[in-house]
Every structure is written in structure tokens, then in C-alpha cells.
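Inspection log for the structure reproduced underneath, given as C-alpha cells.
Throughout, read-outs are computed from the coordinates displayed, never taken from laboratory work. Please read these numbers as outputs of a predicted model, since none were measured by experiment. Cβ sites come from the backbone with ideal geometry, for glycine too, and all protein chains shown count toward neighbours.
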């Protein structure tokens with residue numbers, strides 16, 4: 001059974017993702033007009049993702065439900081696809097399902113060895129590197145080749161930024177988690 005704190009976290013992170021998307025996350029595409037340019041500003045999402053996984057403490061499906069809520073909330077924006085195009089956002093949901101299953105399954109191993117910082121950095125790297133490639137694979141079946149090529153080129157061009165922001169965001173997410181844990185103990 002889910003606790004009220006967990007439901008609150010799921011809702012808060014879904015809403016925070018929407019606020020970040022509306023205020024910062026979609027600026028890259030608005031400025032350049034290039035699909036995939038939003039990867040310039042993924043650090044906020046990385047912080048949300050890593051903080052969520054750490055705060056859920058290995059409990060499955062909390063992150064997945066939060067991501068489904070987030071995807072439903074961002075449907076009117078141009079983040080991860082054209083506005084109101086739910087099909088373009090399906091790769092996010094699919095990857096969230098597998099990431100939730102994988103990373104929450106190994107959470108206990110990293111927690112008992114006190115290596116949650118490495119776990120969250122690994123999680124951030126995997127999530128933010130594979131998510132665009134899930135999208136490319138999915139888009140290649142549904143969208144024109146010109147769109148897929150433009151998106152693929154943007155992802156490849158932004159790859160160093162994605163890696164750096166994933167590492168930094170994972171670290172910041174861990175620091176936020178550490179501070180929350182310290183506040184709960186006091």
C-alpha cells in the first residue's frame with residue numbers, strides 16, 4: 001500500500017516537471033526551432049529524476065506513476081513532441097517503466113554498500129542517454145524520415161551536454177536527497 005507521503009511526492013514531482021517544462025525545458029526548441037534542442041536544459045529533469053528515485057528508496061512504480069502524470073501534464077507543451085501528440089511521448093513512459101523496474105531492483109545493493117551517489121549518477125547517465133535513443137527508434141516508425149534525421153542529429157550533437165548535465169544533475173539530486181534525509185533525522 002502506498003503511503004500518503006509517497007502519493008504527495010508522486011504528485012509534487014509530476015507538477016514540478018510541468019512547471020520546469022513550461023518555464024525552462026522547452027526554451028531550446030522555441031529559440032532554435034530544432035527538435036531535440038531542449039536537451040540544452042535537461043539538468044532540471046535530471047535533478048528531479050535522481051531525487052525521485054532516491055526519495056522513493058527502491059519502492060517500485062512510484063517513479064513510473066509520477067512519469068505518467070508528468071507526461072499527461074506536459075501534453076499541451078512542445079517538450080518531447082508536438083503539442084497534444086501523446087504518441088510522441090510514449091517512449092518516455094516505456095523507458096520510465098523499465099528504468100523503474102531496473103533501478104529500484106538494484107537499489108538495495110547500492111544502499112547497503114553506501115554507494116547511492118554512484119547509483120544516482122549511473123541512473124542519470126543511463127536514463128538520459130537511452131531515453132532519446134528510445135525516442136529515435138520509436139519515431140522512425142511513426143514520423144517522416146526528415147524529422148527523425150533532424151532529431152537524431154540534434155541528439156548526437158547534444159550528446160556531450162547530455163552526459164555532463166546527467167552527471168552534474170545526478171550529483172545535485174543526491175545532495176538534495178542527503179539534505180532531506182538529514183532534515184528528517186533532526
Looking at residue 120, is it more than 24 Å from residue 68 (Cβ to Cβ), in a helix (DSSP H, G or I) and either in contact with a helix residue (DSSP H, G or I) (Cβ under 6 Å, 6 or more places away or on another chain) or touching a residue at least 24 places away in the same chain (Cβ under 8 Å) (or both)? no
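Can you tell which of 58, 33 is on the phi > 0 side of the Ramachandran plot and without any contact (Cβ under 8 Å) to a residue 12 or more places away in the chain?
Only one candidate passes the filter, namely 33.
Matching residues to (1) in contact with a helix residue (DSSP H, G or I) (Cβ under 9 Å, 6 or more places away or on another chain); (2) surrounded by fewer than 20 Cβ atoms within 10 Å (Cβ to Cβ):
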site: 4; (1), (2): no, yes
site: 8; (1), (2): no, yes
site: 13; (1), (2): yes, no
site: 19; (1), (2): no, yes
site: 25; (1), (2): yes, no
site: 30; (1), (2): yes, yes
site: 34; (1), (2): yes, yes
site: 38; (1), (2): yes, no
site: 42; (1), (2): yes, no
